[in-house]
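Structure record follows, encoded as structure tokens.
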Amino acid sequence: MNQIFIDSISNVRMVVGTIRMDVMNITGQTDDKKLQVEKRSEIVMTSAAFQQMLRTLKEVEEKLKDQLEQQQKKPASKKKK
């Protein structure tokens with residue numbers, strides 16, 4: 001199984017009934033501190049697969065929000081002297 005680390009997704013488009021997305025990775029930084037990114041790969045999927053991915057990502061987003069809310073509700077740890 002291949003694993004691909006993704007810093008960002010760019011250039012999402014429809015081409016002949018498929019959804020195509022460029023997989024981007026940070027490759028460095030310019031002198032003025034802007035990130036340099038480079039296309040590393042491309043994701044191609046059917047519209048049905050794209051819709052399923054969106055549902056999954058929305059579920060993950062909700063879980064992340066719930067986790068954050070739970071963390072914010074916990075009282076701050078008391079510092080040891």
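The values are calculated or read from the model by the stated rules, or taken from the named source; none is laboratory data. This one's a predicted model, so the numbers in the text were calculated from it and none came from an experiment. Glycine also receives a Cβ, built like all others from the backbone with ideal geometry; neighbour counts cover every protein chain displayed.
For T18, the requirement of being surrounded by 12 or more Cβ atoms within 10 Å (Cβ to Cβ) and in contact (Cβ under 8 Å) with a residue 24 or more places away in the chain is met. Here I4 meets each of (1) surrounded by fewer than 10 Cβ atoms within 10 Å (Cβ to Cβ); (2) at pLDDT 95 or above with one exception, condition (2). Every listed requirement among (1) in contact (Cβ under 8 Å) with a residue 12 or more places away in the chain; (2) in a strand (DSSP E or B) is met by F50 save one, (2).
Note on region 7-35: among residues that are in a loop (DSSP other than H, G, I, E, B) and basic (K, R), the one that is farthest from M45 (Cα to Cα) is K33. For region 24-52, taking the residues that are closer than 20 Å to I4 by Cα and charged (D, E, K, R), the one that is surrounded by the most Cβ atoms within 10 Å (Cβ to Cβ) is identified as R40.
Here D66 passes the criteria (1) of a type outside the set (F, W, Y); (2) in a strand (DSSP E or B); (3) surrounded by 10 or more Cβ atoms within 10 Å (Cβ to Cβ) except the one numbered (2).
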